[in-house]
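Okay, structure first, notes after.
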Amino acid sequence: MVGGAVRDMLLGLPVQDRDWVVVGSTPEELVALGYLPVGKDFPVFLHPKTKEEYALARTERKTSRGYRGFEVHAAPDVTLEQDLSRRDLTINSIAACALIDWATGRFGTDFDTDTSALIDPCGGQRDIQDKVLRHVTDAFAEDPVRILRVARFAARFTDFSVAPETMALMKRMVSSGEANALVAERVWQELGNGLMQAKPSRMMHVLQECGALANLLPELAWNANASAVVDRAADAQAPLPVRFACMVGSSMQAVVSKQLESDPNLISALNGLCERLRVPVECRELAAVVVREHAHVARSSALGAEGLVQLLERCDAFRRPLRFADVLLACEVISAAGQTKRLEQALLAAQTIATDKIANEAINTGAISQNNGEVIALAIHNARVRAVAKLG
């Protein structure tokens, strides 16, 4: 057993997935035993019963820029130590001897009671004790995704520091242009994962310190306030779309608390960021509403009934109330002003209006044609305003 499963067990954390390295075998042997090949870039197989991943021990040779620019060598003569030495961080380069339970056919480990069952050629146990994120070898610099992984681990393991030599190496990777080879899917995958960790601000700080943040997210002006916002979102256990909206809503350069009108340049910049990173639709749509409206939400206590209903309509709160709840959560996290209660009450009041009844009455009176949607929409809007006005 290798990698994150061993690391998390040593840290006393629950293990989500177990990965295995197979030494001294071939793809043909594994297929003959019933393992299902699934690896595209290197030989990875699924166990026929447990469905856990088994990878042949391998080495890698850099052939071109980017995380895909590798030539993989997997053969029976590749040792476990060679396989471990190609990994990113020492804490991820520990293996545990597997024992077979012949009664169940499953693998287990005995290192909980006997640490001699651990294979640790890179000093991972020492760095776990010292709480350090340290690269294994200078081959770390061959894969720019590792910059993002270090930043993500910093957000997850909040009491770990990045080794000075590792930070220096990451800075060289950025200055040399190696980080420019990162592809959008991997950037978003690591960024989204990091935002869901306990302290997302640490990810952003690591990226900022090594110079990668300006390359990857030039639209953001990261500062202490933005750090506090994303950490408040994490403390609130907000879902990913809310955390992403908080990140961009608190750090995009044109967003200031005094701004009341939408800045088209800001919305354009957000759209460009989302297109470049291929941000999922749910995340980008929520972020667009938050960036456009959070200043208005923060001042909603001063709005009259007409202004409140207009704000609810711009946020599409009547058609998408669950998303609107996320909008309010993101705005509250960003401003920390406690200004969302009035909007919540206004939505509840406006939702009491029987929109179908209003539309049918308008049609039955003959005042409008059945296809005149604008007039019906205005009638519904006015009824909602009257309902909200009763709140006082």
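The values are calculated or read from the model by the stated rules, or taken from the named source; none is laboratory data. Here the structure is a predicted model, which is why all the values come from computation and not from measurement. Backbone-built Cβ (ideal geometry, glycine too); neighbour counts: all protein chains shown. The area values use the complete protein model at the heavy-atom level, side chains included, leaving out ligands, DNA and RNA. Shrake-Rupley method; radii C 1.70, N 1.55, O 1.52, S 1.80 Å.
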Here the stretch 331-340 yields Karplus 3J(HN,Hα) values (6.51, -1.76, 1.60; θ = phi - 60°; whole Hz; Gly and Pro given as x) of 5, 5, 5, 5, 8, 6, 10, x, 9, 8
Given 124, 358, 59, which one lies farthest toward the positive end of the charge dipole of the chain, if we put +1 on the Cβ of every Lys and Arg and -1 on the Cβ of every Asp and Glu? 358
Starting from the Cα of residue 198, move 7 Å in the Cα-to-Cβ direction to define the label point; list residues of the stretch 1-23 whose amide nitrogen is under 16 Å from there. 7-16
Tell me, what % of the accessible area of the chain is carbon and sulfur with a 1.4 angstrom probe? 51 percent
Would you work out the charge dipole size for the chain about its Cα centre, treating the Cβ of every Lys and Arg as +1 and the Cβ of every Asp and Glu as -1, and quote it to the nearest 20 debye? 1240 debye
Options (1) 154; (2) 198; (3) 134 for volume of the Cα convex hull per residue in Å³; the value derived from the coordinates is listed as (2)
Förster radius 56 Å - calculated FRET efficiency between residue 364 and residue 235 (Cβ-Cβ, nearest 0.05): 0.60
So, in nm, how far is label residue 268 from label residue 316 when the simple model puts each one 7 Å beyond its Cα toward the Cβ? 2.3 nm
Could you state the accessible area per residue of the stretch 159-304 in Å², with a 1.4 Å probe and every protein chain left in place? 42 Å²
Report, in debye and to the nearest 20, how large the dipole of the stretch 278-392 comes out about its Cα centre when Lys and Arg carry +1 and Asp and Glu carry -1 on their Cβ. 180 debye
